[in-house]
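A short write-up of the structure that comes next.
The values are calculated or read from the model by the stated rules, or taken from the named source; none is laboratory data. Please read these numbers as outputs of a predicted model, since none were measured by experiment. Heads up, the Cβs are rebuilt from the backbone with ideal geometry, glycines too, and the neighbour counts pull from every protein chain shown.
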Amino acid sequence: MPLPFIVDSIESIEESQRALYVEADGKFRLDIDGYEDPKGLKSALQSERDAAKTAKQELNQFKQQFDGLDIESIKQFATKAKQDETAKLIAEGKIDQVLAQKTDLMRQDFESKLSEQTSRAQTLESKVLNGFIATYAAQAGVQPEAIDLVNMLAQSQFKLDANGDPVAVNAQGEVINGKDGKTPLSITDWLTSLRESKPLLWGAPQGSGAQGNKGGSQNLKRSSMSAEEKADFIKEHGQQAYLNLSK
């Protein structure tokens, strides 16, 4: 029977399994490596997306600022501040050079801010998606130690839409529908399909995995293995052998 992801009281969990839980917000949930509450992250992600959108709008507004520029006003300004290098260039009639320099500096500043905002939004998006996958995986009965592997497999399949909700997409970014051909593929449906192809993620069959620490596998660490290496190891040695590896 799969362990519940969140319980109101630790007393409802067998004593031998209580060490797998941590207290959070007055309840107890499975202690999953790297798990972060997707609700709070989703709010932070929206803030970062809004900031990136604002920076992009400001960049576009900046590009439009020089439309209809009054050249005569610039020349008049130059006569009042000839000691200034920029003013000298303007006085010499090198207005295009001045505008090019100013425009380039402002463009670089805006693009740098936009790049920073976009990077922060992408980092938060990854954390939000990880939170969603971990929650659904735990509720579906995935072994706690295998949830990080499920998360890696899901990263290439799911993205967050404009509302911050997970949606399955293909390599071209097109939404993938479920079995009915109309409704977008949900994480729950994806996990059901994954269970059919990789049942060991839900627990090794009775009696399997006895060879878990033979050979060089005793020196392996789960944290240093790629998703493909983890999948290959589980296929060859069994889920229990994978769980016996050092973190």
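Observations on the model:
- The test for being assigned to a loop (DSSP other than H, G, I, E, B), modelled with pLDDT of 80 or more and not assigned by TED's automatic domain parsing to the domain that holds Glu229 holds for Gly141.
- Taken over the stretch 103-134, the criterion of being surrounded by 21 or more Cβ atoms within 10 Å (Cβ to Cβ) and either farther than 25 Å from Asp50 by Cα or among the hydroxyl-bearing types (Ser, Thr, Tyr) (or both) is satisfied by Ala134 alone.
- Sole residue being surrounded by fewer than 20 Cβ atoms within 10 Å (Cβ to Cβ), under 27 Å from Leu45 (Cα atoms) and at pLDDT 75 or above, chosen from Ala154, Ala227, Ala146, Ala168: Ala168
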